[in-house]
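The values are calculated or read from the model by the stated rules, or taken from the named source; none is laboratory data. This one's a predicted model, so the numbers in the text were calculated from it and none came from an experiment. Ideal geometry is used to build each Cβ from the backbone, glycine not excepted, and the neighbour counts take in all protein chains shown.
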Amino acid sequence: MGLPTGKVPVDVLRRIVFKNLGSDRKEVILGPRVGVDGAIVEVGNKVMITSMDPITGALERIGWLAVNVNANDIATFGIRPTLFSSCILLPKNTAEKTVKTVCKQMDIAAKKLEIAVIGGHCETTPGITHPIIIGSAIGISEKNRYVTSGGAKPGDALILTKGVGMEGTAILATDKHALLKRCFSNAFLKRASEFFNHISVVEDAVLAFESGGVTGMHDPTEGGVAGGIHEMADASNVGVKVYETKMLIHQESREICKFFKIDPLQLIGSGALLIAAKKDFANVIVETLEKSGIEAGVIGEFLQQQEERFLVRKDGRKQPLARPRFDHLWKALKQKVVITP
């Protein structure tokens, strides 16, 4: 049986990928781990935090997303990203105009976040049908002045910002506009596509970290909020309980997910931020975020037993929290016919 679309399963990472990591270097403070989206390397009296992510499932704003998604990974450590490089892969016979569009998108995104684009690679690649960008972001921090996604402790509160499935909603509203407009108004689809404007979590993460009491942060990308929660619990060796009624799902996301018969919790979720925090600090963090116009709320808590990971439904029933085998964006993008909502 072949691998699923998207992220390689956790067991493959553990059995194969993590057993082939080259030489041990004393400078590496944090290397590859399940649920961790960046590495920490000691450089003199500071540390360098670096991340890497591809943009593969979005055609609109692909360069803009490459910068923001990678910047988000750095921000979850509690620091601002400052440097970015990219590898741009283009289908054969791509027009020069496409190169200009992608690079301009990256330039706009980087300038807004005060990030320097320091290099990379650009080529036409046989065998691909649409552009792919692999990005890498870097941030510099004082030693011990950061958190990781693996810092959650039993009893910590779990906070979610902005909402569930926002990036996936925006991608579908844009890339599947011709299909969706048969059932939804242009105004509705415009609102959904504008979720792109909220993809960055740099301010969310920095504000939360500076509020105090944060023990870990993670941005739910591929696999959605459900996948992000599992990754955070994996990295922290804890369990988790989340409440369906406390998770913000915008109406646009609900309706589009219903149309494609997909789970919003398993839809790519850049734009949201998962924050683990000491319970006494949770309300302060939420209030700080909301004062800056960032929606936030406590959606659950971390548990002692690692195997206990469940979702409390609206009617009070408990069920296992789904661990995505693949992001539901792929399921939706493959659909070519109208599905009755």
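Restricting attention to the stretch 285-311, and to residues there that are touching a residue at least 12 places away in the same chain (Cβ under 8 Å) and in a helix (DSSP H, G or I), which single residue is surrounded by the most Cβ atoms within 10 Å (Cβ to Cβ)?
Applying the filter and picking the extreme gives ILE285.
Please pick out the residue among PHE184, PHE196, PHE209, PHE188 that is closer than 21 Å to PHE77 by Cα and in the same structural domain as ILE268 (by TED's automatic domain parsing).
Answer to the selection: PHE209.
List, please: which pairs have Cβ atoms under 6 Å, are six or more places apart or on different chains, and start with a residue in the stretch 81-102 that is surrounded by 14 or more Cβ atoms within 10 Å (Cβ to Cβ) and end with one that is hydroxyl-bearing (Ser, Thr, Tyr)?
What qualifies is SER85/SER136; LEU89/THR125; LEU90/THR124; PRO91/THR129; THR94/THR124.
Looking at GLY119, GLY139, can you tell me which residue is part of a strand (DSSP E or B), under 20 Å from the mean Cα position of the chain (by Cα) and at pLDDT 95 or above?
Every option except GLY139 fails the conditions.
May I ask you to verify whether GLY228 is surrounded by fewer than 24 Cβ atoms within 10 Å (Cβ to Cβ) and farther than 22 Å from ASN144 by Cβ?
no
Scanning the stretch 248-284 for residues that are surrounded by fewer than 24 Cβ atoms within 10 Å (Cβ to Cβ) and among the charged types (D, E, K, R), which turns out farthest from VAL164 (Cα to Cα)?
My answer is ASP280.
Just checking, how many residues over the stretch 119-163 are out of contact with any Asp or Glu (no Cβ under 8 Å at 6 or more places or on another chain), under 30 Å from LYS278 (Cβ atoms), surrounded by fewer than 20 Cβ atoms within 10 Å (Cβ to Cβ) and of a type in the set (Gly, Ala, Ser)?
2
In the stretch 198-265, which helices (runs of 4 or more DSSP H) lie fully inside it and hold 3 or more residues that are charged (D, E, K, R)?
Per the criteria, 202-211, 251-260.
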